[in-house]
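The values are calculated or read from the model by the stated rules, or taken from the named source; none is laboratory data. The structure displayed is predicted, hence computed values, not measured ones. Cβ atoms come from the backbone with ideal geometry, glycine included; neighbour counts cover every protein chain shown.
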Amino acid sequence: MPGRRAVVAALMLSMALTAVDSTIVSTAVPQIVGSLGGFPIFSWLFSGYLLAATVTLPVYGKLSDTFGRKPVLIAGSALFLAGSALCALAWNMESLIAFRVVQGLGGGAIQGTVQTLAADLYPLKERPKIQARLSTVWATSAVAGPALGGLIAAYADWRWIFLINLPIGAVALWLIARHLHEPARASAARGRVDWPGALAVFACGGVLLTALVQGGVAWGWLSAPSLALFATGLALLAAVVLIERRAAEPIIPGWVWRRRTIAAVNLALGALGLLMVAPTVFLPTYAQSVLGLAPVAAGFVLSVMTLSWPVSAAFSQHLYRRIGFRNTAVTGISAAALILLAFPLLPYPGAAWQPALIMLLLGAALGIFQLPLIVGVQSTVGWAERGTATASILFCRQIGQTLGAALFGAVANSVLSARLGGSGSLDSVARVLDDPGSVADPERLRRAVDTAVDAVYVGAGCAAVLALLVLLLMAPRRFPVLQEPDAEADADANADADQDGPGEPVPRPDQLTPARQDTDGAP
């Protein structure tokens, strides 16, 4: 048990590194731009990291199934820390963006492998505990990241934002190297790595995500760069399909989409990523421009969602043990759809507590929705498939978030343009927030932003309804959960192997071939 506690602590520290990364950097952008210049391209500090982390998720998932979680997590953490050190040494914006991509390459390994290890270490009945802890890490990071970034930017050099990753990451690496002991696997069972497929997936994902991230921002949707990127991405997608069909051990195996449970959860969590754009991207602008709140207060309106999410996620185990994984998720996403569609009914301009209450309820609903799906999918596959399955659902959620940013950004800009006579956009609103005296008719702008954000929340509500339909029409009523006899004892034995020397690793029960049961694992 002490060994497992040390591993869990390392997982939480590793997750904290990636969770706090974007929020802590965002608050220091003015200082970074003032020091390095490069204002026209500073958005790639976030886009570059996101692209690298997203497109590598399927690759790391397959690698962890082939070589084990430990080497992938150690390599990813080392890459993330190397990227952090290089970011602190950056001499211009171009070099900083390049080093952020290196960080993202490591961040993708951390995100997927931490979630997979959480399922490896805990049996089904205890997985909500570790998942709730990881959710708490994300919630704490969302609140603490901007504050910490602001303090560093105000009282120290912005380079410390990246340097503080080094001691935290070093502790996590030491704990993983010292206390995590995985079962030995025969080399014949590992198979060969599909490196052509990995390269094709990376290239295809990078091109398509670049088209989505930059389309409508750096260039128009129907401009030559957008059309060229989409055409290239589709050609690479065809190459991916061709390569993966011929590969003996494909990076994205066909069973990810042939199994109803995993395919349904992938699509449902893709819709979750889509709808999450509404609160995370548009609510702070709404709070500042419509409600007139300061940036810190606007951030609090959003952060209350992160308080209820981990609490409801921890509670969800009591619900899915009674009614099953699918029905629990259906309950959560149904409530989320109603909450999102209630946002446009808020009075204008209203009080800050009203959208804060909406976010508090939304976090509770989404905690009940997401956790049962992740735990459910991880419980339907054995050790040798769990990394790939976990990476697939995280990948789909990230893709949904990217699509949502592009789609809802276009919706908001369209509404603003219509309400402001063709001269409105999200960029113009951002400039007004920096210089309130620059607008001649602030009331007209406030109403336009209110209408635009209402339209985005309606779209998010539709995404929640889409997720609901996917679960009802595609997901099986009962997930085909694998039996896990004495999984906790085996997990403890593997994590604590260092107490009595390396010895012979204890095989995990889900490495065997247990019979599937047509239940949700309820007692």
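Taking residue 24, is it crowded, with 22+ Cβ neighbours inside 10 Å and modelled with pLDDT under 90? Spell out the reasoning first.
Details: crowded, with 22+ Cβ neighbours inside 10 Å: yes; modelled with pLDDT under 90: yes.
Here the answer is yes, as residue 24 does meet what is asked.
Look through 335, 298, 356, 351 and report the one residue that is surrounded by fewer than 16 Cβ atoms within 10 Å (Cβ to Cβ) and either within 24 Å of the chain's Cα centre (by Cα) or assigned by TED's automatic domain parsing to the domain that holds residue 459 (or both).
351
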Subset tally (residues that are surrounded by fewer than 22 Cβ atoms within 10 Å (Cβ to Cβ) and small (Gly, Ala, Ser)) for region 79-120: 6
Index of the failed condition, residue 91 passing every other in (1) part of a loop (DSSP other than H, G, I, E, B); (2) closer than 22 Å to residue 133 by Cα: (2)
Region 369-387 residues that are closer than 12 Å to residue 262 by Cβ and touching a residue at least 12 places away in the same chain (Cβ under 8 Å), paired with ones that are crowded, with 24+ Cβ neighbours inside 10 Å and among the basic types (Lys, Arg) (beta carbon under 6 Å, 6 or more apart): 378/386
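From 357, 307, 302, 338, which residue is in contact with a Leu (Cβ under 8 Å, 6 or more places away or on another chain) and over 28 Å from residue 213 (Cα atoms)?
On the way: 357 fails: in contact with a Leu (Cβ under 8 Å, 6 or more places away or on another chain); 302 fails: over 28 Å from residue 213 (Cα atoms); 338 fails: in contact with a Leu (Cβ under 8 Å, 6 or more places away or on another chain).
Testing whether each residue is in contact with a Leu (Cβ under 8 Å, 6 or more places away or on another chain) and over 28 Å from residue 213 (Cα atoms) leaves just 307.
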Residues that are within 20 Å of the chain's Cα centre (by Cα) and within 25 Å of residue 456 (Cα to Cα), drawn from region 313-332: 329, 332
Complete set of residues in region 65-95 that are within 11 Å of residue 49 (Cβ to Cβ) and over 18 Å from the mean Cα position of the chain (by Cα): 83, 87
Number of the condition not met by residue 354 [criteria: (1) touching a helix residue (DSSP H, G or I) at 6+ places or on another chain (Cβ under 9 Å); (2) more than 30 Å from residue 480 (Cα to Cα)]: (1)
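Would you check if residue 143 is farther than 18 Å from residue 30 by Cα, in a helix (DSSP H, G or I) and modelled with pLDDT under 75?
Details: farther than 18 Å from residue 30 by Cα: yes; in a helix (DSSP H, G or I): yes; modelled with pLDDT under 75: yes.
Considered against the rule, which asks whether it is farther than 18 Å from residue 30 by Cα, in a helix (DSSP H, G or I) and modelled with pLDDT under 75, residue 143 comes out as yes.
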Residue 209 being surrounded by fewer than 21 Cβ atoms within 10 Å (Cβ to Cβ) and not assigned by TED's automatic domain parsing to the domain that holds residue 474: no
Unmet criterion (only one of (1) within 20 Å of residue 458 (Cα to Cα); (2) in a helix (DSSP H, G or I)) for residue 348: (2)
Positions within region 304-359 being polar (S, T, N, Q) and closer than 21 Å to residue 465 by Cβ, in sequence order: 312, 316, 327, 328, 331, 334
Conditions (1) within 19 Å of the chain's Cα centre (by Cα); (2) surrounded by 19 or more Cβ atoms within 10 Å (Cβ to Cβ); (3) not hydroxyl-bearing (Ser, Thr, Tyr); number of the one not met by residue 123: (1)
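Go through 47, 64 for me and flag whichever is polar (S, T, N, Q), assigned to a helix (DSSP H, G or I), farther than 25 Å from residue 194 by Cα and in the same structural domain as residue 13 (by TED's automatic domain parsing).
Details: 64 fails: farther than 25 Å from residue 194 by Cα.
It is 47.
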